[in-house]
Amino acid sequence: MNITIVGGGIFGVTAALELRRRGHGVSLFDDGPIPHPLAESTDISKVVRIDYGADPDYTALAERSLDGWRRWNARWRRPLFHETGVTFLARTPMQPGGFEHESYALLARRGHALERMDADAIAQRFPAYRPGALVDGYFNREGGWAESRAVVVELISEAIAAGVAVGTTRVEDLELLRAELVIVCAGAWAPRLLPELATSIVPVGQPVFHLRPRDPSLYTADRFPVFGADIATTGYYGFPVNADGIVKIANHGTGHPVTRDEQRVVPAAAEDELRAFLADVIPGLADAPIVDRRLCVYADTRDGHFWIARHPHRTNLVVATGGSGHAFKFAPELGPLIADLALGVPHPLAGKFRWRPELAEQTRGDAARAGGAA
C-alpha cells in the first residue's frame, strides 16, 4: 500500500518505521526540521515509567514498551534510555484512590519489586528533598528517562535507511495528498487539518524549566532519580542532573491554553509557582539559575487517552494523535499500535483510542493528572 504520514514526531516516525517494516511504501511529511523544535516529542528528556495508577491497559502497554526501550538501547550506538528508576512520592500517606497508592498496588500485583518508603527513608535516600516534605511513596527500579530529541533523530535516521521518503513540506490540505492511506500525526495541530477535531483535541501548554544546580552532586541519578512529587496534586515531576549539568523540572497539570505557536511563552506566574514548590520540597534548587524554559504543548483529549482511529467519513484517512503529555514513553509500542489500528487489525485498545467526539467534558484519563494538578 502507498501510505502518507503527516507529522514527524514520535507518533509519525514510529508509525512510518513499522508500516515500512510491514512492506508498505511510506512517505512522511513534516514542516521541518525533524526533530521539530516545537514538537511535543522534542526537548532533552522524557519520562519512561510503567506506573499508571489503576489502569491495567496503560500499565501493560508500558511494560511492553520498557522491554522495547531496552532492545533499542542494545542496538543503538549509545544508550538513549537511562534506567535510573523512578520515585513517586506523596505529601501525605498514600490512600486508596490516589495515583501513588493505585500504581503501587497494581504493580505489586503484577509482580514488580517496589521499595516502599516512609519519611525517614526518603530523607536518608534522597537528601535533596526537604525532610518531611514528602512522607510516603515508593521507588520503582524499572523505568527512568529517554533523551527524547536524540531518540527522534535516531528513529528518523532508521526510517530513511529503511526506505521511508521523508520530506520537510508543510501540508495545508489533506485532499491534495495522493495516497491509498493518509495518517495524520500532527499532534496538537491536527485540528488545523481536520477542523472537526477542534472540540476533541485541545492544545494545552505545560511549563518546562532547565535549572543549573550549584551542587550537582545532590541530583545524581542514584540520589535523585526521576520523580513525581505528589504529582496528581502539584503536577511537578523531574529528572536527575544530565551530562550537561542540567536538572529539568516540569509540570504535568491543567496547563495553559494555547492557540498559536507564537503564544509559547512561559507565564511569569508559572515560574513563581515553580520557585514556591522548590522552596518547599527541593530547597537546594529554589534559587538555581534557569538556563532554559519552554511551554511544551500537549495534544490533549477530553479523557487523556490517545486518539488513534480511522475517520468516520473518509475511509482512507486515519488520525493518530492525542498524546496528552504521556505518549513518548510508549515509543517502542506506538508504531505497531498505530499500524494495527490504521490497517484494521483487531487490537484490544481500539475501543479506548476510538474516534469519540461525543466526549464533552474533561475527564482526565491519565491518572497522574486525575487530581487536576496545577
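Values quoted throughout were computed directly from the atomic coordinates according to the rules given, and no laboratory measurement underlies them. Quick caveat: nothing in here was measured; it's all calculated off a predicted structure. Ideal geometry is used to build each Cβ from the backbone, glycine not excepted, and the neighbour counts take in all protein chains shown.
Worth a mention:
- Cβ-placed point charges (K, R +1; D, E -1), dipole of the range 32-164 about Cα centre in debye, nearest 20: 380 debye
- Computed over the chain, the range of Cα coordinates on each principal axis works out to 61, 45, 43 Å, biggest value leading.
- Zone residues, the range 315-346, relative to Trp76, backbone N less than 17 Å from point 7 Å out along Cα-to-Cβ: 327-335
- Val48 long-range amide H proximity, modeled H, under 5 Å: Gly144, Trp145, Ala146
- Put a dot 7 Å past the Cα of Arg356, heading toward its Cβ, do the same for Arg293, and the two dots end up 3.5 nm apart.
- Only alpha carbons enter this Debye calculation for the range 291-374, each as an equal point scatterer, and the log10 of I(q)/I(0) it gives at q = 0.16, 0.21, 0.23, 0.26 Å⁻¹ is -0.68, -1.06, -1.20, -1.39.
- 222 nm mean residue ellipticity, helices alone, for the chain (DSSP H n ≥ 4; -39,500 (n - 2.57); rounded to 500): -8000 deg cm²/dmol
- Angstrom value of the Kirkwood radius, inverse mean 1/r, which spans all Cα pairs in the range 225-279: 12.7 Å
- Each residue, Arg260 and Asp215, gets one label point 7 Å from its Cα in the Cβ direction; the gap between the two is 4.6 nm.
- For the range 81-138 and the range 149-208, distance of Cα centres in Å: 36 Å
- Rh (Kirkwood; distinct C-alpha pairs) - the range 230-374, Å: 17.4 Å
- DSSP assigns beta bridges within the chain; of those with both partners inside it, close to 70 percent run antiparallel.
- You can think of it this way: the chain between Ala54 and Asp120 has 21.1 nm of extra reach, that is 0.36 nm per residue less the Cα-Cα gap.
- Phi-based couplings in Hz for the range 167-181 (Karplus 6.51, -1.76, 1.60; Gly and Pro marked x): x, 8, 10, 7, 8, 9, 9, 5, 5, 7, 7, 9, 8, 5, 9
- Percent RCO, i.e. relative contact order, over the chain, from Cα pairs under 8 Å lying at least 6 residues apart: 24 percent
- Rounded to the nearest 10 degrees, the inclination of helix 268-281 to the longest alpha-carbon principal axis of the chain is 40 degrees.
- Net charge dipole, the range 2-369: roughly 680 debye, given to the nearest 20, about the Cα centre with Cβ charges of +1 for Lys and Arg and -1 for Asp and Glu.
- The chain: angle of helix 56-75 to the longest principal axis, Cα-based, in degrees nearest 10: 80 degrees
- Helix 148-161 axis, angle to the chain major axis (alpha carbon atoms, nearest 10°): 30 degrees
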